[in-house]
């Protein structure tokens, strides 16, 4: 059993290579038209994709069987399962190749593998006609492997390896339909923004590792009490940069909405349930270090407060269903960050699990809707509850969980988070202003969440079906099919995910604070009710008009993108052009100038070498004369 | 007892070159396999060298040969390998072999194949490459200062001819710039080496390293370090002594670029680890902050220059400036971690940039240009395998963990986080931060390049179309974009257009005025090759040359211990007094 974490990581890793290299090779000898050959390639790729992920899921569940929900229930930590596979000498602090599953890793491993399995199965139907399915599924496998490496790593640098590989998989998968330049740009943006945070993250690892004398997480956490506050604040602030990048928190959140250019299953897996949660996970993993650095917690609280409310407002104004869900993800991740800032890692991880389930469900349902309509835009949807009954029911469960309506799982986890934030008001590590801001924003966000979830639900499934001429399927959208519901490979994962989205909280043990719970439900229903009232008055118009003059800023997400383009992107490009010019005119100009100078000087010397013998003899005599005079004078 | 191995490593390629001189007529029919055979034997010897190497004692020189050569000067023929030079020797032998494989495996009519009487002088090419190999391997084996210098110089001449004879349009200027610039650097280095000799009375690198600067005053060490350092920095190249590199790379033929980036640049950085730092430790402490500063300037400057580059080969050349900045930063920290990182990045850069130049060459052969706007995007649709390998190489180069590029950069930054005790820490923290920013910029220009070249809808027709209907394919490509299809039909117009547009935005990127007329050269090099022939995806001989590089990039990325356990003891020894 000690090798299970390693096996769980290696199986999808091997599957990725097999999927990339072996799906088309050795060349299939089946005679016949290319379509049947393509089908054979596909079926092989499907086997490479699904089987190892399923095996990893079994291993992860096995690992989690013992601890169960011990982390969330706050039980005393058990002994981690795993082992060290040697060390890499660096000349300084060695890197130890440790893979282990403790209480926290075990449950997250289950989340990762199960969502990955659901997405792999779902993708079989969703990308049925895509000729690049083998590479697509191989990158999902590679991603699964990298995420499991992050979860099970016992050494910070090993964790960083997985952390970056996740980023590059995200890049490949966002850009899966690279024919469209917009998708390519979104992929580049996602990678660069997260990479910017990752550099800070790496430096944070350096600070922690060097002051602890080891990169092993256990050793680092053991040394936290001995570290100075300055060191801890510096380390955690730097780590926070990576967290903000990966978990799409203010100010590095701008990549996530654009990342919706990727196929919808990718959005469900990477940009909702797992990778973006890695930032929250890493804070929970190193929570003692963060708790000892109060200024960092304050910063985290402010980031979370601004992020959750801003993103929720932006979600309210989007027309693209996937972008609604993307901003909702930013907002929900900010909830978890707020919970961490308020001092409870178990509440944050609990919400991470339930959010992973219900947000993956919402995305997969959105995928089914998009698959049916052939467009991402809600203005082209409506009345779908009759044509897509299963999707309707499951997506309703997802929206209920998102709003925090009992008895869905999101209700309980959000309640735990709000309770933590409320307690931070009176006696926590946060300063009063930060705690107040956090709790206030959290309550306001509950109402706005209710509003945007209701809006998306109404505009998708109710009202009149819009008759829209179906455009030719573009890359970036799913292919239009004629079936009434999505194919079975898509429906089965949706239905299976709806179960934990509804009931996960009951497995984790219920803790309920009636006052906070009642308040949050009332707020959520209030937000939903206002939207419903606007919708009833005119079912065709967009209820987001209730935002009034704030509609455009919300739709543009407060113009952060334009700001960054003006402040960072364009100056960098201008600087790059300046460098190229300088390199030619100044640096290389000096080199060429010295060459020309040498040529010019030699040209002057050449004047003397004119072939005139009289001149030569004169020069010779003058030289002899000079030497003689010199010899006479100096001796 | 195994002392013959280093000698044989030099003797085999030298013998191959000499035989070519002696009996040219006899060898002409077997010329295609000839270089392959000799470099293959050399590679086999290098593998034997790696197998017989005693890894428990990687810190000290092994398999040494020490014979008096010119007793009057105290010059000795002293060769040997340790943990620092072994990877570089094997890398050199491998890259040379792969270059020969690339040249002689495929069928002779393929574009870019230089081993044919029609396109090149095959005998001269084989001769040049074999002499080049002697010089490169000798540099890494030499344990005597003057011997090192001799081999260091031997390399220049074949590389000069490689660029000047088989290069592109602007080859004349580029090759002259290359040889004058590097010769000038070498002269300064020679002065430094002679200063060391004058002060200590010996040229033996082993003895000098063990002395750790004893017998030289601080002032002498600083002076000697500066002189040797400038010579090495030109070769590395370090900002601002880099401007020979983009021209040389852009004009060199594919194998020239590969060897230039893969091996020649390493000779400069190797000199820091072999000579400058161990022999002149006090000088190193004084100069290191300057070295570090120039290194990080090089990282950011190189990355920014790449970001605004139009030509693919030029972009990869500038990326070398950035990557070598990381290597120099690692050396400047004067810590085991940092120098380990530098040596790792050195080898990784040799593999990755070697692969990148192979790819750039392949792209230039197919499209007839390496100008990114003219390539028109969509390579993943037209040439899926080539596009995929290009993506792999770019991702490896930007330092993704799991591939070789990461560990060197990471360790260099870690070294800068905690530099040697004698160095100012605050300054190196600033260097680290700037270096980190450079890593983001590195990612930026590679991803932008991938986006421009591999993504998007192809401006030219898909591969299958071109294969079945070559004639209409050209017709379709012509009006759409300024690809080589257009260049064939309207050369003057396009040439003029390119020359006009350059001064506006990117004119500075092209220092040689002839460059504006590149489309004319397109017509020269592929006169009537049918499009379908030119646009085939990865071919057999390319695969043979590239797969070993890809495998090694993955291997070192996933199992960095292979290299690090080899260099660590050697680095600890060379730092000696400093660590």
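The values are calculated or read from the model by the stated rules, or taken from the named source; none is laboratory data. These numbers come from a predicted model, not from an experiment. Glycine also receives a Cβ, built like all others from the backbone with ideal geometry; neighbour counts cover every protein chain displayed.
Does residue B:419 satisfy the criteria of being more than 8 Å from every other protein chain (Cβ to nearest Cβ), crowded, with 24+ Cβ neighbours inside 10 Å and at pLDDT 90 or above?
The answer is yes for residue B:419.
Looking at region A:466-494 only, could you name the residues that are surrounded by 14 or more Cβ atoms within 10 Å (Cβ to Cβ) and either on the phi > 0 side of the Ramachandran plot or modelled with pLDDT of 65 or more (or both)?
Once the filter is applied, which keeps residues that are surrounded by 14 or more Cβ atoms within 10 Å (Cβ to Cβ) and either on the phi > 0 side of the Ramachandran plot or modelled with pLDDT of 65 or more (or both), region A:466-494 yields A:466, A:476, A:485, A:486, A:487, A:489, A:490, A:491, A:492, A:493, A:494.
Return a yes/no flag: does region B:218-233 have any residue that is in a loop (DSSP other than H, G, I, E, B) and touching a helix residue (DSSP H, G or I) at 6+ places or on another chain (Cβ under 9 Å). Lay out the reasoning, then the answer.
Step one: list which residues in region B:218-233 are in a loop (DSSP other than H, G, I, E, B), which gives none.
Looking through region B:218-233, none of the residues is in a loop (DSSP other than H, G, I, E, B) and touching a helix residue (DSSP H, G or I) at 6+ places or on another chain (Cβ under 9 Å).
Out of all the residues in region B:67-81, which are modelled with pLDDT of 90 or more and farther than 17 Å from residue B:10 by Cβ?
none
With respect to the numbered conditions (1) away from chain A (no Cβ under 14 Å); (2) not in a helix (DSSP H, G or I), which one is the sole condition not fulfilled by residue B:357?
Looking at each condition in turn, residue B:357 falls short on (2).
Suppose the filter is buried (at least 23 other Cβ atoms within 10 Å of the Cβ) and facing chain A (nearest Cβ under 10 Å); does residue B:350 pass it? Don't jump to the end; show me each part of the working.
On the way: buried (at least 23 other Cβ atoms within 10 Å of the Cβ): yes; facing chain A (nearest Cβ under 10 Å): no.
Against the criterion (buried (at least 23 other Cβ atoms within 10 Å of the Cβ) and facing chain A (nearest Cβ under 10 Å)), residue B:350 does not qualify.
State which residue is farthest from residue B:311 (Cα to Cα) when the search covers only region B:441-458 and only residues that are touching a helix residue (DSSP H, G or I) at 6+ places or on another chain (Cβ under 6 Å) and surrounded by fewer than 20 Cβ atoms within 10 Å (Cβ to Cβ).
Selected residue: B:451.
What are the pairs, 6+ residues apart or on separate chains, where a residue within region B:239-262 that is within 14 Å of chain A (Cβ to nearest Cβ) has its Cβ under 6 Å from a residue that is assigned to a loop (DSSP other than H, G, I, E, B)?
Listed by first residue and then by second, the contacts come to B:245/B:237.
Of the residues in region A:81-97, how many are surrounded by 24 or more Cβ atoms within 10 Å (Cβ to Cβ) and in contact with a strand residue (DSSP E or B) (Cβ under 9 Å, 6 or more places away or on another chain)?
Matching residues across region A:81-97 total 1.
Tell me, which residue of region B:292-312 that is surrounded by fewer than 24 Cβ atoms within 10 Å (Cβ to Cβ) and assigned to a helix (DSSP H, G or I) is farthest from the other protein chains (Cβ to nearest Cβ)?
For region B:292-312, the residue satisfying everything is B:293.
Counting only residues that are more than 14 Å from every other protein chain (Cβ to nearest Cβ) and in a helix (DSSP H, G or I), how many does region B:159-186 have?
Summing the residues that are more than 14 Å from every other protein chain (Cβ to nearest Cβ) and in a helix (DSSP H, G or I) in region B:159-186 gives 10.
Can you tell me which of A:235, A:259 is surrounded by 24 or more Cβ atoms within 10 Å (Cβ to Cβ), in contact with a helix residue (DSSP H, G or I) (Cβ under 9 Å, 6 or more places away or on another chain) and more than 23 Å from residue B:409 (Cβ to Cβ)?
Going through A:235, A:259 in turn, just one is surrounded by 24 or more Cβ atoms within 10 Å (Cβ to Cβ), in contact with a helix residue (DSSP H, G or I) (Cβ under 9 Å, 6 or more places away or on another chain) and more than 23 Å from residue B:409 (Cβ to Cβ): A:259.
Against the definition (on the phi > 0 side of the Ramachandran plot and free of Cβ contacts under 8 Å to residues at least 12 places away in the same chain), how does residue A:86 come out, yes or no?
Judged against the criteria, residue A:86 is a match.
Taking region B:393-408 on its own, how many of its residues are on the phi < 0 side of the Ramachandran plot and within 10 Å of chain A (Cβ to nearest Cβ)?
Counting residues in region B:393-408 that are on the phi < 0 side of the Ramachandran plot and within 10 Å of chain A (Cβ to nearest Cβ) gives 7.
Only residues that are away from chain B (no Cβ under 13 Å), more than 20 Å from the chain's Cα centre (by Cα) and buried (at least 24 other Cβ atoms within 10 Å of the Cβ): list them for region A:113-162, please.
A:122, A:126, A:154
Being without any contact (Cβ under 8 Å) to a residue 12 or more places away in the chain and over 22 Å from the mean Cα position of the chain (by Cα) is the filter; apply it to region B:176-200 and report the residue that is surrounded by the most Cβ atoms within 10 Å (Cβ to Cβ).
B:194
Let me confirm something: among A:205, A:165, which residue is at the interface with chain B (Cβ under 7 Å from one of its Cβ atoms), farther than 18 Å from residue B:449 by Cβ and touching a helix residue (DSSP H, G or I) at 6+ places or on another chain (Cβ under 8 Å)?
A:165
Does residue B:362 qualify as being more than 13 Å from every other protein chain (Cβ to nearest Cβ) and over 30 Å from residue B:83 (Cα atoms)?
Yes, satisfied.
One line per residue, one yes/no per condition, for (1) more than 26 Å from residue A:125 (Cα to Cα); (2) out of contact with any strand residue (DSSP E or B) (no Cβ under 8 Å at 6 or more places or on another chain):
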| residue | (1), (2) |
| --- | --- |
| A:157 | yes, no |
| A:164 | yes, yes |
| A:175 | no, yes |
| A:182 | no, yes |
| A:192 | yes, yes |
| A:213 | yes, yes |
| A:255 | yes, yes |
| A:264 | no, yes |
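Looking at this structure, is residue B:514 modelled with pLDDT under 90, more than 26 Å from residue B:331 (Cβ to Cβ) and away from chain A (no Cβ under 14 Å)?
Taking the combined requirement at face value, the residue satisfies it.
Show me the helices (runs of 4 or more DSSP H) entirely contained within region B:1-94 in which 1 or more residues are closer than 20 Å to residue B:552 by Cβ and without any contact (Cβ under 8 Å) to a residue 24 or more places away in the chain.
B:31-52
Looking for whichever is assigned to a helix (DSSP H, G or I) and buried (at least 24 other Cβ atoms within 10 Å of the Cβ) here; the options are B:287, B:339. Which one fits?
It is B:339.
Tally time: how many residues in region A:204-230 are in contact (Cβ under 8 Å) with a residue 24 or more places away in the chain and closer than 24 Å to residue A:100 by Cα?
Initial filter on region A:204-230 (in contact (Cβ under 8 Å) with a residue 24 or more places away in the chain): A:204-205, A:207-211, A:213-218, A:220-221, A:224-225, A:227, A:229.
Right, trim to closer than 24 Å to residue A:100 by Cα and you get A:204-205, A:207-211, A:213-218, A:220-221, A:224-225.
The qualifying residues number 17.
Could you pull out the residue among A:251, A:295, A:265 that is in a helix (DSSP H, G or I) and surrounded by fewer than 24 Cβ atoms within 10 Å (Cβ to Cβ)?
Just a single option satisfies the conditions, and that option is A:295.
With respect to residue A:224, is the statement that it is surrounded by fewer than 24 Cβ atoms within 10 Å (Cβ to Cβ), more than 8 Å from chain B (Cβ to nearest Cβ) and closer than 17 Å to residue A:239 by Cα true?
It is true that residue A:224 is surrounded by fewer than 24 Cβ atoms within 10 Å (Cβ to Cβ), more than 8 Å from chain B (Cβ to nearest Cβ) and closer than 17 Å to residue A:239 by Cα.
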